[in-house]
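Here the structure is laid out as C-alpha cells; the discussion comes afterwards.
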Amino acid sequence: MTNTESKHLKWFGLPAIAQYLRPYRRQTTVMILLGILSSVCDTIYPLFNRYALNHFITLGTLDTLGMFLATYIGILLAQVAANFISSYLIGKVELDVGRDLKNASFNHLQTLSFSYFNTHNVGYIHARVMSDTDRIATTISWRVMDIVWNVSYIVFVFAVMLAVNVYLALWLLLLIPIAAVLVIFFQRHLVVLKRKVREINATISGDFNEGITGAKTIRTLVVGDRIQKDFETDTSHMRRTAVHSTHWSALFTASVTLMASIALSVVLWKGGKMTVQRLMEIGTLSVFMSYALAMMEPVQYVIEAVSALIDVQVNIERFKGLMDSESDVVDTKEVIEQYGDAFHPRKENWEALKGDVEFRDVSFRYPDGEEMVLEHFNLKIPHGTNVAIVGETGAGKSTLVNLVCRFYEPTKGQVLIDGRDVRERSQLWLHSRIGYVLQTPHLFSGSVRENLRYGKPDATDEEIMAALKLVSAEEAVERMGHGLDSDVGEGGDLLSTGEKQLLSFARAILADPAILILDEATSSIDTMTEKKIQDAIGVMIKGRTSFMIAHRLSTVVDADLIIAVVDGRIVEMGKHEELMARRSYYYRLFTRQYEEAATAGELT
Amino acid sequence: MRNKRRDLIVYFLKGSVRFFALSIGFAMLASFFDLLSPRVVGWAVDSFLAGDDRAVRSALTVAAVAGAGAIFRYLYRLFNSMGAEKLVERMRNRLFEHIERLKFSWYSENQTGDIIQRCTSDVETVKSFLSDQLTSVFRIVIMILIAMGFMISINWKLAIVAAVFIPAIFLYSLFFHGRIGSTFQEADEEEGTLSTITQENLTGVRVVRAFGRERYERRRFEHQNDIYTAAYLKLSILISAFWSMGDFFAGAQVMAVVAVGAYLAVKGQITAGDYIAFISYNSMLSWPVRSLGRVISDMSKAGVSVDRIGYIMNSKEEEDPDRAIRPAMDRDIAFSHVSFRYGPDMPKILDDVSFTIPAGKTVGILGGTGSGKSTLMYLLDRLYDIGEGSGSITIGGVDIRDIPRDYLRDHIGMVLQEPFLFSRSLSENIGIAADDAGQPAIERAAGIASLSETVRHFRHGYDTMVGERGMTLSGGQKQRTAIAQMVIRDTPIMIFDDSLSAVDAETDARIRVELNRCMGNATIVLISHRITTLMAADEIVVLNHGRVTETGTHEELLKKQGLYARICGIQGIAAETKKGGDSK
C-alpha cells in the first residue's frame, strides 16, 4: 500500500515540502560538507596503519612517530569536531523543520471549515499534525545525511583503492552491485513482514480492549473459553509471523557480513599473491582488508535510507492533503481588507451586532450530504427572541445553528444578521459576537481564569467573579482550592460534568454575546446542579437572541419560538401552546418526554 | 518484592527457556568464529611476509570461518526470537485468561487504557529485557573475554593498553545514558503537552471558532511548539556530544594501540601479522563496549514493567465453592432479605429486598435510575456476590453461592441495557454463545428479535462486520442483536434489563409477543420504566430507593392507588385501555 500510493511523487515528494526546507539551506549545506569531511577522516584512518606497517614495522624505525601521532590526533579532533557540529545541525534542522511543519498544519486547521472536521475524525487529524510532521522531518534530515555519509564514504574508499591498486580495487568494485541487489531483495521481504507484524499487534490490542470492555457480556454469555481460544489463535499467529520476520532479518544481516568476509577473502587471495610476489606492500594489503570489511554496511545503510525516503512519501502526501484542503467558508478579499482575517483582525472597522437574524429563501445541503435539508426556508428572528429547536437525537437539530454561526453557508439564499448577508462581514467579526455553549462542555487544560478569559481575553478578575456568580459557580471554584488559579485538568477532567457546564456558561456570559447558542446536555446530572443550570440558562438568554438545541422541557415551554425537526427537516414551528393544540409531532414528543421525566421523578 | 518479580518471570519463561539456552550457546559459537577470523588473517599476513604463498588457502579459511560465524549468528537470532515470541505469547495468553476470570468489581476499579498498556507495552519491555538486553549483556561480556583472550595470547602488554580503555568507555557511556534518560523524560512531557493542546483544539473546534479565538490558539500552540522543540534540541545536543566524545575516546584507544603496537613490532616483540590481528580485535570491541552502557541503563526500566504486570496477575480471580451443587434451574427464584452495597463506603443500593419469581412465569420490575434493579440481576448472575449475612438468593431452594458460576450463567440469559457487540460478523455475534448453531437457528433467533427486516437492508446481510472495527449499529439494533443472542441460547431463565429502551413501542410489543410464543416455558424477568412493557407480566415488583414498595399484577397495583398507579397515570395508561403513547 505504502509503495503504490506514492509512486507518482517526484524526488521522493521533497519538492512538495521544499518551502519548509528552504530557510535551512545554509545549515544543510554546512552539515553536508561536514558529513563529507567526516567520511574523509574515516577513509584516512586505515592509511595510518599502512604507514605504520610500511614505514615503522617494515623499516624497523620509529623516527617519525611524533609527527605520526600529531597528525593522527589532528585528524581525530577534526573528525570529532565535524561529527559534533554536523549532528548538532542535523538535529537542529530536523527539529526546526518539524516545528515549522507543525505550525503550518495547525494554523491551516484553524482556517478550515466544519465540513473538514465532520469528515475527518480527531485522531486522524491529530496524527497529521503530530506524527506525520515528525516523521517527515526526521527522515529528510537523518536519512538524507545517512546517504551523504555512506555514499561519500564508499566513493572515497574506492578513490583511495583505485589510487593505490587499480587491479584489486576493480575486484572489490565488482562486489558492490551484488551486495546492492541482495540488500534490496531482503529489504522488500522485510517491509511486508514488518507491516504484517504491526497489523497483528493492533489486532491483539483490540482483543484486549474487547476482553475488558466486553467483560460483562463475555461473562453473562459464558463465552470466556471461546474468546480465549480465538485470542490464542491471534497470539500464535503473531509468534509465527514475528519469528518468520526475524528469520529474514537475521538472514539479511548474516549475508551482509558474509559479503564483507567474501570481500576480505578476495583481498587475501588476490592481494596475498601480490604481497608474496612483492608487488604489493604489506601496509597496502592491510588498507584493503580494512576497506573490504567496512564497505558493505554502508551499502546496506544507503539502501535502507532510500527505502525510508520512499516510505515517508505517504506522510508527505497526507501532510500535503491537509495543507491543500480548502475551507468551504472563505471571507472575500474585500471583507478581509476591511475586517481582517482570523489571525489579523482589524477591530477598528467592526460594527456592533444587535442580534436580528433572518433566513431568506435558504436552501441547504451539507457538503458531504445528498439531500437538501432546507428548501426555500424563510424565517425572521428579531433580536432578543429565544428560539428552541427540538427533535430526536440525530435528527439534525444543529443545522440552523450552523448556518447562523456561518459554520456552513447556505447552498442557495441568504442568512442575514442585522439585515446584512453574513458573507459581507468576516467570520471572526461574527464569532466574536456569538456565545456558544456545547452539549458536552469543552474546557481547555489550564486554570479557571485562562478558561474563562477564552470568552473575553482582557477580563478582569472582578468581571470573571461576577460571571461565575451569575451562574452560581463561585462556590464550585472556591472549593477547588486555588480560586481562579485552580487547574481544571486535561479537558477539564478535574471537574464534574455539571461544574464544567457551569464554567462554560460563565465563559459565554463573559463574552457578552448578542447571539447565544446553547446545545443543552442530555446526560443526567444530580438535581441540585440541574436546578443551578436551569437558573443559569434563564439568566443567560435574557435579552439576547438565543438558539437552544433543547432537551429539557422547562426551557422549551418558555421559548418564544419552537422549531421541531425530524430527519433534518423542519416539521413544525410555533409557540408551545400552539404546537400542543395541534396534537401532532411536537405534542407526541413532548408527551413522551414528559412521561419519562415524570416517571423518573416519581421513582427517585 | 524481588522474589515476587523473579517468580513471575520464571512462571512466564516456562516453555521458552530451552530456546534461550540454545540461542546463548549459538551466540558464544558465533562470537568465537567472528573473533577467530582476525587471528587467521594475522597468520596469513605473516606467511605472506615469509614468502610462503598461502593466499588461496587463507582466503578459503577466512571465508569458511566467516561462513560458520554467519550461520551461528543466524541461529542465535532465530532461536532468540523463537524464545522471545514464545515468551510474549505465553505472557499475553495468561494475562488475557487471568483478566477474563478476575472478580467483576476489578473492571470498575481499573482503567481500560491502563490495563491494555500493561498487557502490550509492558509486556514488550519485559520481553526485550529478557530476550534482548539480558542476552546482549551476556553476549558482549563473552565477546570481550574471548577477544581479551586472543589479545593476551598475542601480547599481554598491548592487551593492557587496550583493556584500560574498556572500563572508562563503559562508565562514560553508562553515566551519559543516565543523563539522557532524564532529559528525554522532560522532552517527552513537553511533547505530551503539545499533543494535548492539539487534541483540545481539535475536539473543541466549535468553541475556538465560536469565540473567534484562532489567534489565541495559534499563539498557544506555537509557544508550546517552541518549548517542545527546545527540549528536544537539548536532548539532541546531549546525544551529539555523547557520540562525539565517544568517538574521541574510541579513536584515542585505537591510536594508542596503533602507536604502542608499532613500537612493539619495531622492537621485534610482535610480528606484522600480530599487529594487524590486534588492531582488528581492538576495533571489534569498541562498539559492544559503548552499547553495553546503553543496554544496562535501559535495563532498570524492566523492573517497573514486571511489577505492573504482576499487579494484574496477583489480582483475585472469581472463586467457586468446593461444595458445588448443580440444581435444576427451571425452579422458583427467591430473593430473601437481600441488602447490597458496592463498597464499604458506598451507599446501600438494595435494602432488605424479598420477592419470588415463580418458575415459568414472567415478572416485571419497575424502577428508576439508581433504584438497584440492575444490581438485583447482577447478583442473580453472580457478577457480584451478596455478602455474608446480607440475605440470599435461591433457585429451587439452593443458595446460588453454592452453584458454580459457569453452570449458573449457562442457564441464565441476560440482555444488558447497553449491549456489547464483538468485532465479528452479525451472525457470529448472534451465535457466539451457541457453538453448534447453524445459520437457520441464527436467522430464527434474529426473527424473534425483530432483526430480520433490518438485516435485509445491510449490504452484507448476516456477514456484516459489527463492533469496534465494523459497522456502527444504532442503540435499538444493538439491543435486538443482544436479544437474538440470548434467544438462541434457549436458557430456562431470561432477563431483559431495560433492554427494549431504545426500540420503539411497536417493535417492543412485537418482540414480547414473539417471545411469549416461542419461549413459553422460560422464567422471564423484565426490567423497565415503561408500563406498557411490564403491564402484561404475571407479577410486577416496584422497586424504589433499593426497597420493594409494591408487588402484584397490573390490575392489583392499579387498585392500590400507590406509586405504580401514579406512574400509569403519568404514562397515560388507564385501568381499562392501553394506548400507544408514541408512534415514532
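The values are calculated or read from the model by the stated rules, or taken from the named source; none is laboratory data. As the structure is a prediction and not an experimental result, all values here were calculated from the model. Every residue, glycine among them, receives a Cβ derived from its backbone with ideal geometry; neighbour counts consider all protein chains shown.
Annotations for the structure displayed:
- Matching residues, the range A:451-465, being in contact with a Leu (Cβ under 9 Å, 6 or more places away or on another chain) and more than 23 Å from A:Ala550 (Cα to Cα): A:Asn451, A:Leu452, A:Arg453, A:Tyr454, A:Lys456, A:Ala459, A:Asp461, A:Glu463, A:Ile464, A:Met465
- Number of positions in the range B:38-64 that are of a type outside the set (A, V, I, L, M), more than 30 Å from B:Leu134 (Cα to Cα) and assigned to a helix (DSSP H, G or I): 8
- Top-ranked residue of the range A:250-298 - restricted to ones that are more than 8 Å from chain B (Cβ to nearest Cβ) and polar (S, T, N, Q), ranked as nearest to B:Phe79 (Cα to Cα): A:Ser290
- Every pair of residues 6+ apart whose Cβ atoms lie under 8 Å, when the first sits in the range A:149-167 and is over 13 Å from A:Gly35 (Cβ atoms) while the second is part of a loop (DSSP other than H, G, I, E, B): A:Ile154/A:Met295; A:Val157/A:Met295; A:Asn165/A:Met280
- Helices (runs of 4 or more DSSP H) fully within the range B:358-457 counting 3 or more residues that are surrounded by fewer than 18 Cβ atoms within 10 Å (Cβ to Cβ): B:405-410, B:439-448, B:452-456
- Qualifying positions in the range B:66-105 - surrounded by 18 or more Cβ atoms within 10 Å (Cβ to Cβ) and of a type in the set (Phe, Trp, Tyr): B:Phe72, B:Tyr74, B:Tyr76, B:Phe79, B:Phe96
- Residue, farthest from the other protein chains (Cβ to nearest Cβ), within the range B:78-99, restricted to residues that are of a type outside the set (Phe, Trp, Tyr) and farther than 29 Å from A:Gly214 by Cβ: B:Gly83
- The set of residues from the range A:75-122 being under 21 Å from the mean Cα position of the chain (by Cα), more than 8 Å from chain B (Cβ to nearest Cβ) and not hydrophobic (A, V, I, L, M, F, W, C) comprises A:Asp100, A:Ser105, A:His108, A:Ser113, A:Ser115, A:Tyr116, A:Asn118, A:Thr119, A:His120, A:Asn121.
- Sole exception among (1) modelled with pLDDT under 90; (2) farther than 26 Å from A:Val155 by Cβ for A:Ser307, by number: (2)
- Sole residue being in the same structural domain as B:Ile166 (by TED's automatic domain parsing) and either touching a residue at least 12 places away in the same chain (Cβ under 8 Å) or within 27 Å of A:Tyr408 (Cα to Cα) (or both), chosen from B:Ala241, B:Ala259, B:Ala252: B:Ala252
- Boolean, B:Leu134 is surrounded by fewer than 17 Cβ atoms within 10 Å (Cβ to Cβ), within 29 Å of the chain's Cα centre (by Cα), assigned by TED's automatic domain parsing to the domain that holds B:Val10 and farther than 30 Å from B:Ile270 by Cα: yes
- A:Trp248 vs. criteria surrounded by fewer than 21 Cβ atoms within 10 Å (Cβ to Cβ), hydrophobic (A, V, I, L, M, F, W, C), free of Cβ contacts under 8 Å to residues at least 24 places away in the same chain and in a helix (DSSP H, G or I): no
- For the range B:458-474, a residue qualifies if it is within 14 Å of another protein chain (Cβ to nearest Cβ), in contact (Cβ under 8 Å) with a residue 12 or more places away in the chain, assigned to a loop (DSSP other than H, G, I, E, B) and at negative phi, and the qualifying residues are B:Glu468, B:Arg469, B:Gly470, B:Leu473, B:Ser474.
- Flag for B:Glu200 being assigned by TED's automatic domain parsing to the domain that holds B:Leu292, buried (at least 20 other Cβ atoms within 10 Å of the Cβ), modelled with pLDDT under 90 and of a type in the set (Asp, Glu): yes
- Among all residues of the range A:482-492, there is at least one that is part of a helix (DSSP H, G or I), buried (at least 21 other Cβ atoms within 10 Å of the Cβ) and touching a residue at least 12 places away in the same chain (Cβ under 8 Å).
- B:Glu186 being more than 25 Å from B:Ser283 (Cβ to Cβ) and more than 8 Å from chain A (Cβ to nearest Cβ): yes
- Scanning the range B:37-48 finds no residues that are small (Gly, Ala, Ser), more than 30 Å from B:Ile312 (Cα to Cα) and out of contact with any Ser or Thr (no Cβ under 9 Å at 6 or more places or on another chain).
- Hits in the range A:569-590 - residues which are at the interface with another protein chain (Cβ under 7 Å from one of its Cβ atoms) and hydroxyl-bearing (Ser, Thr, Tyr): none
- Residue match in the range A:320-330 (condition: crowded, with 19+ Cβ neighbours inside 10 Å, more than 9 Å from chain B (Cβ to nearest Cβ) and over 30 Å from A:Arg423 (Cβ atoms)): no
- Among the residues of the range B:489-503, just one is out of contact with any strand residue (DSSP E or B) (no Cβ under 6 Å at 6 or more places or on another chain) and charged (D, E, K, R), namely B:Asp490.
- Any hit, the range A:194-205, residues being at the interface with chain B (Cβ under 7 Å from one of its Cβ atoms), surrounded by 18 or more Cβ atoms within 10 Å (Cβ to Cβ) and not aliphatic (A, V, I, L, M): no
- Checked against the criterion of being touching a Leu at 6+ places or on another chain (Cβ under 8 Å), free of Cβ contacts under 8 Å to residues at least 12 places away in the same chain and not β-branched (Val, Ile, Thr), the candidates B:Ala84, B:Ala64, B:Ala55 yield just one match: B:Ala55.
- Of all the numbered requirements in (1) of a type in the set (S, T, N, Q); (2) within 7 Å of chain A (Cβ to nearest Cβ); (3) closer than 30 Å to A:Phe444 by Cα, B:Gln224 misses one, and that requirement is (2).
- Within the range B:496-512, tally of residues that are part of a loop (DSSP other than H, G, I, E, B) and in contact (Cβ under 8 Å) with a residue 60 or more places away in the chain: 4
- B:Thr229 modelled with pLDDT of 90 or more and either touching a Ser or Thr at 6+ places or on another chain (Cβ under 6 Å) or facing chain A (nearest Cβ under 8 Å) (or both): yes
- Exclusive hit being in contact (Cβ under 8 Å) with a residue 12 or more places away in the chain, out of contact with any strand residue (DSSP E or B) (no Cβ under 8 Å at 6 or more places or on another chain) and not in a helix (DSSP H, G or I), set A:Tyr366, A:Tyr301, A:Tyr291: A:Tyr366
- Any hit, the range A:389-404, residues being touching a helix residue (DSSP H, G or I) at 6+ places or on another chain (Cβ under 7 Å) and away from chain B (no Cβ under 14 Å): yes
- Residue in the range A:125-143 that is in a helix (DSSP H, G or I), over 30 Å from A:Phe12 (Cβ atoms) and more than 8 Å from chain B (Cβ to nearest Cβ) present: no
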